[in-house]
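Before any comments, here is the structure.
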Amino acid sequence: MSTDSLLYEGKAKQLFPTDDLQVLRVVYKDSATAFNGEKKAELEGKGVLNNQISKLFFDYLTKHGVEHHFIEMISDYEQLVKRVSIIPLEVVVRNIAAGSLVKRVGLAEGTQLSRPIVEFYYKNDGLGDPLMNQDHIAMLELATSDQVGHMRQIALQVNDILQLYLEQKGLVLVDFKLEFGVDPSGTLLLADEISPDTCRFWDNVTGKKLDKDRFRQDLGNVLEAYQEIYQRLGGASHA
Ligand code: UDP
């Protein structure tokens, strides 16, 4: 297969094969989408920032012993990743009430949770990515109970690591979404991206939202917020 033939296109990324069967090339797009694709925009440069920010987070997780699919960034918009078969679940960890949790359980936005909670959502656009419990996951055979337990454990470990790291950068990790895949040897690996598209970050002094909520809620300065995250994580500033 030609290495230019698109394998998969999602809302924010494209996947291409490489000469190595075990390696894929990811291209981050500038498209921003929210509300299951109902709200859309092109934000020039968003793809570069998410590519860079994801790289920084994955490299940081490597140092802390978390295995993942990221290999290396090869250009502003591109990175190489290990080929995995994605488990069709979004694994969300929450420290503070925001977004869909506020709507579902009625807590006020900003309420500190007494301990982190983990939720699983079925990756299915047609159904609007519904919340799943372990029985639903088993019923639909989306993952084994071992995998569910393992994903929960890794998600909480990532939360511990990133919460501390971000605190040092003056940021509160409100919540985030992870995805996992299985490599050809059957090993569960953290996959997808970790960026302001998939996490909520608040400034820990002002409470300013520095993530995709700026786009979802029409707060303006979306790219500036992503840039701010990149710089706080030690990324170089852009002209
Ligand atoms: N999230 C994501 N992709 C999704 C849904 C959620 O990356 O398809 C992230 C979102 O950015 C937030 C966390 O998961 O950091 C929890 O999202 P929530 O369930 O509150 O849903 P939303 O507010 O996106 O409707």
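Counting only residues that are assigned to a loop (DSSP other than H, G, I, E, B), within 16 Å of the ligand (Cβ to nearest atom) and open to solvent by 40 Å² or more (accessible area, probe 1.4 Å), how many does region 209-239 have?
Taking region 209-239 and keeping what is assigned to a loop (DSSP other than H, G, I, E, B), we get 210-212, 217-221, 233-239.
Add one more test, that the residue is within 16 Å of the ligand (Cβ to nearest atom), and what stays is 210-212, 217-219.
Imposing the further condition that a residue be open to solvent by 40 Å² or more (accessible area, probe 1.4 Å) reduces the set to 217-219.
The number of residues fulfilling the criteria is 3.
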> If you take the residues of region 106-126 that are open to solvent by 60 Å² or more (accessible area, probe 1.4 Å) and within 11 Å of the ligand (Cβ to nearest atom), which of them is nearest to VAL158 (Cα to Cα)?
Replying inline: LYS123
>> For a quick check of your reading of the model, give me the residue pairs whose first member lies in region 213-239 and is more than 22 Å from LYS40 (Cβ to Cβ) and modelled with pLDDT of 95 or more, whose second is open to solvent by 60 Å² or more (accessible area, probe 1.4 Å) and among the polar types (S, T, N, Q), with beta-carbon atoms closer than 7 Å and at least 6 apart or on different chains.
In response: GLN231/SER237
> Does VAL102 satisfy being within 13 Å of the ligand (Cβ to nearest atom), without any contact (Cβ under 8 Å) to a residue 12 or more places away in the chain and within 27 Å of ILE229 (Cα to Cα)?
Replying inline: yes
> So which pairs qualify, if the first residue must be in region 177-205 and touching a residue at least 60 places away in the same chain (Cβ under 8 Å), the second must be part of a loop (DSSP other than H, G, I, E, B) and of a type in the set (Gly, Ala, Ser), the Cβ gap must be under 8 Å, and the two must be at least 6 apart or on different chains?
Replying inline: GLU193/ALA12; ASP197/ALA12; ARG200/ALA98
>> Considering only residues that are touching a strand residue (DSSP E or B) at 6+ places or on another chain (Cβ under 8 Å) and either in a strand (DSSP E or B) or among the small types (Gly, Ala, Ser) (or both), which ones fall in region 179-200?
In response: GLU179, PHE180, GLY181, VAL182, LEU188, LEU189, LEU190, ALA191, CYS199, ARG200
> If THR3 passes every condition in (1) in contact with a Ser or Thr (Cβ under 9 Å, 6 or more places away or on another chain); (2) farther than 17 Å from SER195 by Cα; (3) surrounded by 14 or more Cβ atoms within 10 Å (Cβ to Cβ) but one, which one does it miss?
Replying inline: (3)
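Could you count how many residues in region 127-144 are open to solvent by less than 90 Å² (accessible area, probe 1.4 Å) and either polar (S, T, N, Q) or at positive phi (or both)?
Going residue by residue through region 127-144, those that are open to solvent by less than 90 Å² (accessible area, probe 1.4 Å) are 128-133, 136-138, 140, 142-144.
Next, only the ones that are either polar (S, T, N, Q) or at positive phi (or both) stay: 128-129, 133, 144.
The total comes to 4.
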> Across region 69-95, what is the number of residues that are within 25 Å of GLN163 (Cα to Cα), of a type in the set (S, T, N, Q) and free of Cβ contacts under 8 Å to residues at least 40 places away in the same chain?
Replying inline: 0
> What number of residues in region 164-201 are within 11 Å of the ligand (Cβ to nearest atom), open to solvent by 20 Å² or more (accessible area, probe 1.4 Å) and over 16 Å from TYR121 (Cβ atoms)?
Replying inline: 0
> Residues of region 74-95 being among the aliphatic types (A, V, I, L, M), assigned to a strand (DSSP E or B) and surrounded by fewer than 19 Cβ atoms within 10 Å (Cβ to Cβ), which ones?
Replying inline: LEU80, ILE86
>> Let me spell it out: the conditions are (1) more than 15 Å from the ligand (Cβ to nearest atom); (2) closer than 30 Å to ASP76 by Cβ; (3) assigned to a helix (DSSP H, G or I), and ASN159 meets all of them except one. Which number is the exception?
In response: (1)
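The values are calculated or read from the model by the stated rules, or taken from the named source; none is laboratory data. This structure is a prediction, so every number in the text was calculated from the model and none was measured. Every residue, glycine as well, gets a Cβ built from its backbone with ideal geometry; the counts of neighbours run over all protein chains shown. Just the protein is used for accessible areas: all its heavy atoms, side chains included, with ligands, DNA and RNA removed. Shrake-Rupley method; radii C 1.70, N 1.55, O 1.52, S 1.80 Å.
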